[in-house]
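Sharing a structure, written as structure tokens. Questions coming.
The values are calculated or read from the model by the stated rules, or taken from the named source; none is laboratory data. Just so it is clear, the model here is predicted, and its values are computed rather than measured. When we count neighbours, we look across all protein chains shown, and the Cβ atoms used for this are built from the backbone with ideal geometry, even at glycine. Please note that ligands, DNA and RNA were not included when accessible areas were found on the heavy atoms of the full protein model with its side chains. Shrake-Rupley method; radii C 1.70, N 1.55, O 1.52, S 1.80 Å.
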Amino acid sequence: MNPIFGAGPSLPLRFSLALVISFVTITYDVYTDSSKQIRSYLNTLVSPVIYLANLPQQALDATSKYAASKQALLDENEILRELQLMQNEKLQRYNMLMSENAKLRALLQTNLRIEVKKSVAEIMAVASNPFSQNVMIDKGSSQKVYESQPVLDDLGVVGQIVNVANTTSRVILITDQTHSIPIRIARNDVRGILSGTGDINKMSLINLPHGTDVKVGDSLITSGLGEIFPDGYPVAKVIEIYPDESQPFMNIIAEPVARLDRLKHVLLLWPQDKIGRDK
């Protein structure tokens, strides 16, 4: 019985034949130019295959670079955001210090009617009782603060000292309903008593009879009577007048010139008689 496939050349013979063919091909390729064109054709045919084979790796590299770049941008963006927050905080603090410095300069440059000793105090607390308008300051008897001492801000009269401790004092505001201050109208020197109403934006000018020369917009300044507030400091401005003939006196409403609802620092005054007494 004959085998389906006949026996071929022996293995050594096939190996020798392959070596000969390879040697001839190499020699032909080295010493002739015709193979260059064949290689060019082969390279042209193989190039798409090589491109397709490299495409997954290139896509993976591009994805990796994109992810790395995106993460780097996110990290840089986070750092810049934190830096911006820190810079904004510094800017806010700088603006606050600039504003506070301007207010302190305004306090120290307040036009005083007489030469007096003065000192800046800081507000520590505000009364929580809605029926009592007073504040606590960081100056006390150690700084020679005394009861009834006048207190101003950069615009006008704030109030007076009512209680003194060693390092703190309590200031009653001029708008407190238990507080009154002698004033005069700057335009014509008409005198009166300006009292607090319990409303931080309103005061009442009492005991002025009907027909008194007073107008909306008139400036009310300290009269110097009562020996607490020196003469000539701004206190309030007339905003409303109600000439009710059924009442013995006119109902006059004035608005304080001091920013009583935004106090941060105040100015303490020591009139000359108090300076001499302290010495």
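Say we look at segment 199-240 and pick out the residues that are closer than 14 Å to ILE181 by Cα and β-branched (Val, Ile, Thr); which of these is modelled with the highest pLDDT?
This residue is VAL235.
Here is a further query. Within segment 95-118, is there a residue that is within 30 Å of TRP270 (Cα to Cα) and modelled with pLDDT of 75 or more?
Yes: segment 95-118 contains one or more residues that are within 30 Å of TRP270 (Cα to Cα) and modelled with pLDDT of 75 or more.
For the list (1) in contact with a Lys or Arg (Cβ under 8 Å, 6 or more places away or on another chain); (2) farther than 27 Å from PHE131 by Cα; (3) among the polar types (S, T, N, Q), I need the number of the one condition that ASN163 fails.
The failed condition is (2).
Taking segment 153-179, which residues are of a type outside the set (A, V, I, L, M), outside any loop (DSSP other than H, G, I, E, B) and in contact (Cβ under 8 Å) with a residue 24 or more places away in the chain?
GLY159, GLN160, SER169, ARG170 - these are the residues of segment 153-179 that are of a type outside the set (A, V, I, L, M), outside any loop (DSSP other than H, G, I, E, B) and in contact (Cβ under 8 Å) with a residue 24 or more places away in the chain.
State yes or no: is ARG191 within 15 Å of PRO230 (Cα to Cα) and open to solvent by 70 Å² or more (accessible area, probe 1.4 Å)?
So ARG191 passes the test.
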